[in-house]
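**Student:** Before we start, here is the structure in question, set down as structure tokens.
The values are calculated or read from the model by the stated rules, or taken from the named source; none is laboratory data. Just so it is clear, the model here is predicted, and its values are computed rather than measured. Backbone-built Cβ (ideal geometry, glycine too); neighbour counts: all protein chains shown. Keep in mind that these areas ignore ligands, DNA and RNA; they rest on the heavy atoms of the full protein, side chains included. Shrake-Rupley method; radii C 1.70, N 1.55, O 1.52, S 1.80 Å.
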Amino acid sequence: MRRYFLLCFFLIAIVSAHASGKKGSKDIQITKTNQTISIDGKLNESVWKDMQVYDFFQRDPEEGKPSSQKTAIKVTYDDEAFYVAAHLYDSDPDSIVTVLSRKDQWVQSDYFMLFLDPYNDKRSGYYFYATPSGSVGDGTLFNRDWDDNSWNGVWDAQTGRTADGWVVEMKIPFSQLRFNKRPDMTWGINFKRSIARRGEESYYILMKKGESGFVEKFAELKGFEQIGNNDNIEVLPYVLSKAQYLIHDGDDPFYKGNQYGTSIGADLKWGINNNLTLDLTVNPDFGQVEVDPAVLNLSSFETFFDEKRPFFIEGSNLLGFGYGGSNNNWGLNWGNPDMFYSRRIGRSPNGNAADGDFVDYPTNTQILGAAKLTGKIAEGWSVYALNAVTNSMNARSYTNGITTKREVEPLANATVFRSLKEFDDSRYGLGFMGTSLIRKFDDPSLESSFSKNSYAVGMDGWLNLDSAKIYVVNGYFMLSGINGSKEFITALQKRPIHAFQRPDSRYAKLDTNATSLNGWAGRITLNKQEGSFYINAALGALSPGFNVNDLGFSSRSNYINGHVVLGYRDYEKDSFSRSKSIYLAHFKSYNFDGEIEGNGFFTNGNINFINFYQFRYNFGFNLESFNPRHTRGGPTAKMPGGWNGAMGFSSDSRNALTVDGDYYFGGDDLGSIYYNIQVGGSWRASEALRLTIYPGFEVNSEKAQYVTSYDDPAATSTYGTRYIFGELDQRTLFATIRLDYTFTPTMSLQLFAQPFISIGSYSNLKELEREKSMDYTVYGTKGSTIQFDQTNGEYVVNPGGGANSFAMGNPDFNFKSLRLNLIYRWEFLPGSTLFLVWSHDRTNFDDPGEFQMGKSFSNLINSEANNIFMAKMTYWFNAAALL
């Protein structure tokens, strides 16, 4: 163990000093215009008459060669906005690929893209793009090489077709951008052009595939004079009406009162100055338009769902903690904890309602209001601050004409603060982040179910080891603390993330008198940013008491992990491929008792063929290890060696019909087998219509799947509890289906459907014989007996050896789900949108353990359903223009 981590530390301490050549000067001079520019895609204003042809260079398919087509561009500005116009010449204009899509939906189409770095900090910025059909998208740039499409600016773009290509005009109000306003300011700028039929992507400033630091390579945009005041106070009120037709009992007294509802609220965005933005929201509608995927979780870990609510998505790239400075962060058997997991705010309440014949339980916690401050307070110094107040929530219970109300979620205040300072042209960075959650209880009985308060604080940063920024070390260290009643902290210690009650645990023990739980986490990583030869190494640890799950997300604690990755990337085109890569890795993990939890080898790679097809693979081999979570709070079990892997392909994305396929497989020395096949594709039926279908089938034959536990003093070899497992035979059939019809770039209709059927049957129920082993006693052998009681639907087990019999439920399952969303979007004015939504879901659990997919699907279709209809309208306006 010591030698392994010394090796990781040695690799992380490597210092290399390679210097890369600096690009030639391609800076651009901008001049101010006094002419009124009409954004109509015609380029008939005199300001556009002397457009210059710019030299673009290909990244694909012929890296470094000039673009196959000419592109003429001009930029200008007035007191209000930044403007760009481009004439994209094409020698075969009838072959230009035009596809209609809603905003920010990437499609295979020609497009023109503008990149801006208004701070000229060479790390961050914005992008804006438009297609020949007039579809647009935007987003932000961060960490030199990364992008995020969650930002939604209010700007305008129009395109037009010409006899020799197509043209685009863009108008980006200064109020939408953040920059250091001064008369002689300098911005960073770059352009990109895509010619879909050739698979060609060309840039004004080219960053080759083997390089890093995309934003810092931008050309400089100079010549700005004084611009206008550009006060910005954006207001976005909304009104929402909802009708719910849900599965219910006809005698339910609560149903009709909840069936229909209307709510109003508003968001406000105030550009305090050109650097900082304050977002405020009152009675926000934090519902999400698209549903979460169906998941059947048989593990001890919480399922992570992506955030889909715009208020929390926008600006979230500023919250990246521990990743800064590096363009690649490997995590082999490691999941980085998130200090802030925004879906904790407004989540479903967790308290218990009073018993009753009928219960009206709230589905989400009401957010009374939230405020968010983002931007930069000085050059190279960014900040993010958020505060949200969630309401106390009550559940109502009804029995014999009496209604009882009980608090199920206390009033809470959540605070998040993030600050990051960059030094020496971003060669170094140092950041701080802190979160807190404070609750106020109206019902003291809830103190046994919730923490009183919690916090997390941490520092992160990076250090480039050479002036060319090829080798970088980054890392973080954080502390967590949770305070609450003895009952709550005791229950918290028993949750799967900690499992302090494990009888064989030596380092961490259950403390029933504790009123707080504290811990720490840290990691340090070395990454080679560019070049053909690649290296990455990391060493991280999570202490047994570490927990940020009140406001963040972490799936484990009591963990030490390290890895070393070596790779080779060939970006040179040959007769066989356009590029290829291969990586080899070794990882090892321990807990704080010194037990090996993971020890294995891993490889992956990909090939991009000459015909634009792609092949990818990965394969891992794991040696025997120990798993302290296998018994869900019991003694550590030994896990067999095993293997896992995947192979996949993608067809030429330039075609109207594209196909993707993946085959996942795995197994272990006990005889467990797993495989998953997914084959699907996307069909662009017309410029407006697109159909995407990805079905899959999964088989899981697990030889030791945890079922339950039973306290029995006679089970002395497992500390007085029998830990029961079974051989699980599981089949899962699923699909993701999307149908998009785009009427215009601002009007679209989308259908999303996800059928999901998972059937599991258990056999050879058995118990773990002793700690730190993978030996099991199958019930019905070695003097034990097992019988199935048809009347009660349960198994009756006698373990033998004079022990008492016990009963356990039938663990077989048959989970079926169908989720549908139909969404009509119309952006009738910039920033103002009308949504019409139909949400449908149905579930069924009939015939557990019966592998009859046809019958299961029929049961699902014939089951009752929930239907929700919503109409929501938002209207954007700039209040500063009215003052």
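**Student:** Does residue 374 meet the test of being buried (at least 19 other Cβ atoms within 10 Å of the Cβ), of a type outside the set (A, V, I, L, M) and in contact with a helix residue (DSSP H, G or I) (Cβ under 7 Å, 6 or more places away or on another chain)?
**Tutor:** yes
**Student:** Of the numbered conditions (1) in a helix (DSSP H, G or I); (2) over 14 Å from residue 228 (Cβ atoms), residue 178 satisfies every one except a single condition; which is it?
**Tutor:** All conditions are met except number (1).
**Student:** Still on this model: Check every one of the strands (runs of 3 or more DSSP E) wholly within region 727-806 and list those with 2 or more residues that are open to solvent by less than 20 Å² (accessible area, probe 1.4 Å) and closer than 30 Å to residue 101 by Cα.
**Tutor:** Qualifying strands (runs of 3 or more DSSP E): 747-768.
**Student:** Could you grab the pairs with beta carbons closer than 7 Å, sequence gap of 6+ or different chains, first residue in region 383-412 and closer than 22 Å to residue 278 by Cα, second one among the aromatic types (Phe, Trp, Tyr)?
**Tutor:** Correct list of pairs: 385/417.
**Student:** Further, regarding this structure: Would you check which residues across region 443-456 are open to solvent by less than 50 Å² (accessible area, probe 1.4 Å) and in a strand (DSSP E or B) and list them?
**Tutor:** Passing the criteria: 454, 456.
**Student:** I've got another one for you. Looking only at region 592-602, decide whether some residue is open to solvent by 60 Å² or more (accessible area, probe 1.4 Å) and in a strand (DSSP E or B).
**Tutor:** yes
**Student:** On to the next question. Just to be sure before I move on: is residue 799 touching a residue at least 24 places away in the same chain (Cβ under 8 Å) and over 23 Å from residue 720 (Cα atoms) in the structure I sent?
**Tutor:** Answer is no for this residue.
**Student:** Looking only at region 843-857, decide whether some residue is outside any loop (DSSP other than H, G, I, E, B), free of Cβ contacts under 8 Å to residues at least 40 places away in the same chain, surrounded by 14 or more Cβ atoms within 10 Å (Cβ to Cβ) and not aromatic (Phe, Trp, Tyr).
**Tutor:** Yes, region 843-857 contains a residue that is outside any loop (DSSP other than H, G, I, E, B), free of Cβ contacts under 8 Å to residues at least 40 places away in the same chain, surrounded by 14 or more Cβ atoms within 10 Å (Cβ to Cβ) and not aromatic (Phe, Trp, Tyr).
**Student:** Here's a follow-up. Mind checking which residues of region 69-100 are more than 36 Å from the chain's Cα centre (by Cα) and either open to solvent by 50 Å² or more (accessible area, probe 1.4 Å) or on the phi > 0 side of the Ramachandran plot (or both)?
**Tutor:** Passing the criteria: 70, 79, 89, 91, 92, 94.
**Student:** Looking at region 611-627, which of its residues are touching a Lys or Arg at 6+ places or on another chain (Cβ under 9 Å), at pLDDT 95 or above and assigned to a loop (DSSP other than H, G, I, E, B)?
**Tutor:** 624
**Student:** Quick one: which residue in 692, 708 is in a strand (DSSP E or B), more than 23 Å from the chain's Cα centre (by Cα) and of a type outside the set (Phe, Trp, Tyr)?
**Tutor:** 708
So that you can scan it fast, the table gives a plain yes or no per residue for (1) at pLDDT 95 or above; (2) of a type in the set (D, E, K, R); (3) surrounded by 23 or more Cβ atoms within 10 Å (Cβ to Cβ); (4) outside any loop (DSSP other than H, G, I, E, B):
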{"site": "491", "(1), (2), (3), (4)": "yes, no, no, yes"}
{"site": "495", "(1), (2), (3), (4)": "no, yes, no, no"}
{"site": "507", "(1), (2), (3), (4)": "no, no, no, no"}
{"site": "513", "(1), (2), (3), (4)": "yes, no, no, no"}
{"site": "524", "(1), (2), (3), (4)": "yes, no, no, yes"}
{"site": "531", "(1), (2), (3), (4)": "no, no, no, no"}
{"site": "535", "(1), (2), (3), (4)": "yes, no, no, yes"}
{"site": "546", "(1), (2), (3), (4)": "yes, no, yes, no"}
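**Student:** Restricting attention to region 449-479, which residues are closer than 23 Å to residue 349 by Cα, polar (S, T, N, Q) and touching a strand residue (DSSP E or B) at 6+ places or on another chain (Cβ under 8 Å)?
**Tutor:** Hits for region 449-479 are 451, 453, 454.
**Student:** Evaluate region 867-877: report whether one residue or more is surrounded by fewer than 16 Cβ atoms within 10 Å (Cβ to Cβ), touching a residue at least 40 places away in the same chain (Cβ under 8 Å), farther than 20 Å from residue 243 by Cβ and not hydroxyl-bearing (Ser, Thr, Tyr).
**Tutor:** no
**Student:** Return the pair list, or none, for Cβ contacts closer than 7 Å from residues in region 270-282 that are closer than 24 Å to residue 368 by Cα to residues that are among the aliphatic types (A, V, I, L, M) and surrounded by 20 or more Cβ atoms within 10 Å (Cβ to Cβ), at least 6 apart or on different chains.
**Tutor:** Hits for this filter: 281/370.
**Student:** Looking at region 537-544, can you tell me whether even one residue there is open to solvent by 40 Å² or more (accessible area, probe 1.4 Å) and in a strand (DSSP E or B)?
**Tutor:** Taking every residue of region 537-544 in turn, at least one turns out to be open to solvent by 40 Å² or more (accessible area, probe 1.4 Å) and in a strand (DSSP E or B).
**Student:** While we're here: Please go through region 504-531 and give me each residue that is more than 26 Å from residue 636 (Cα to Cα) and of a type in the set (A, V, I, L, M, F, W, C), ordered by number. Explain how you work it out, then say what you get.
**Tutor:** Taking region 504-531 as the starting set, the residues that turn out to be more than 26 Å from residue 636 (Cα to Cα) are 515, 524-531.
Across region 504-531, the qualifying residues are 524, 526.
**Student:** Which pairs have Cβ atoms under 7 Å, sit 6 or more apart or on different chains, and link a residue in region 670-685 that is free of Cβ contacts under 8 Å to residues at least 12 places away in the same chain and assigned to a loop (DSSP other than H, G, I, E, B) to one that is among the β-branched types (Val, Ile, Thr) and crowded, with 17+ Cβ neighbours inside 10 Å?
**Tutor:** none
**Student:** Of the residues 351, 322, only one is part of a loop (DSSP other than H, G, I, E, B) and closer than 27 Å to residue 445 by Cβ; which?
**Tutor:** 351
**Student:** How many residues are buried (at least 17 other Cβ atoms within 10 Å of the Cβ) and in a loop (DSSP other than H, G, I, E, B) when one looks only at region 633-650?
**Tutor:** 5
**Student:** Still on this structure, please answer the following. Quick one: in region 356-403, of everything that is at pLDDT below 90 and among the charged types (D, E, K, R), which residue is nearest to residue 434 (Cα to Cα)?
**Tutor:** In this case the residue turns out to be 376.
**Student:** Moving to a separate point now. Counting residues that are crowded, with 16+ Cβ neighbours inside 10 Å and aliphatic (A, V, I, L, M), which strands (runs of 3 or more DSSP E) fully inside region 189-266 reach at least 3? So that I can check it myself, show each step before the final result.
**Tutor:** Details: elements: 200-203, 219-222, 232-245.
Filter on region 189-266 gives 232-245.
Results for (1) open to solvent by 70 Å² or more (accessible area, probe 1.4 Å); (2) under 20 Å from residue 649 (Cβ atoms); (3) of a type outside the set (D, E, K, R); (4) touching a helix residue (DSSP H, G or I) at 6+ places or on another chain (Cβ under 9 Å), shown as yes or no for each residue.
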| site | (1), (2), (3), (4) |
| --- | --- |
| 678 | no, yes, yes, no |
| 684 | no, yes, no, no |
| 689 | no, no, yes, no |
| 695 | no, yes, yes, no |
| 708 | no, no, yes, no |
| 713 | yes, no, yes, no |
| 716 | yes, no, yes, no |
| 719 | yes, no, yes, no |
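For every residue, the table says whether it meets (1) touching an Asp or Glu at 6+ places or on another chain (Cβ under 6 Å); (2) over 18 Å from residue 51 (Cα atoms).
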{"site": "138", "(1), (2)": "no, yes"}
{"site": "143", "(1), (2)": "no, yes"}
{"site": "148", "(1), (2)": "no, yes"}
{"site": "153", "(1), (2)": "yes, yes"}
{"site": "161", "(1), (2)": "no, no"}
{"site": "165", "(1), (2)": "yes, no"}
{"site": "169", "(1), (2)": "no, no"}
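**Student:** For region 460-470, which positions are in a strand (DSSP E or B) and surrounded by fewer than 21 Cβ atoms within 10 Å (Cβ to Cβ)?
**Tutor:** We begin by selecting, within region 460-470, every residue in a strand (DSSP E or B); these are 460-464.
Result: 463, single match.
**Student:** If you don't mind, another one. Can you tell me how many residues in region 103-126 are farther than 25 Å from residue 688 by Cβ and either open to solvent by less than 20 Å² (accessible area, probe 1.4 Å) or more than 25 Å from the chain's Cα centre (by Cα) (or both)? Explain how you work it out, then say what you get.
**Tutor:** The initial filter retains those residues of region 103-126 that are farther than 25 Å from residue 688 by Cβ, namely 114-126.
Subsequent filtering for residues that are either open to solvent by less than 20 Å² (accessible area, probe 1.4 Å) or more than 25 Å from the chain's Cα centre (by Cα) (or both) retains 114-123, 125.
Of the residues in region 103-126, 11 are farther than 25 Å from residue 688 by Cβ and either open to solvent by less than 20 Å² (accessible area, probe 1.4 Å) or more than 25 Å from the chain's Cα centre (by Cα) (or both).
**Student:** Of the residues 776, 719, which is more than 26 Å from the chain's Cα centre (by Cα) and over 15 Å from residue 803 (Cβ atoms)?
**Tutor:** Result: 776 is the single residue among 776, 719 that is more than 26 Å from the chain's Cα centre (by Cα) and over 15 Å from residue 803 (Cβ atoms).
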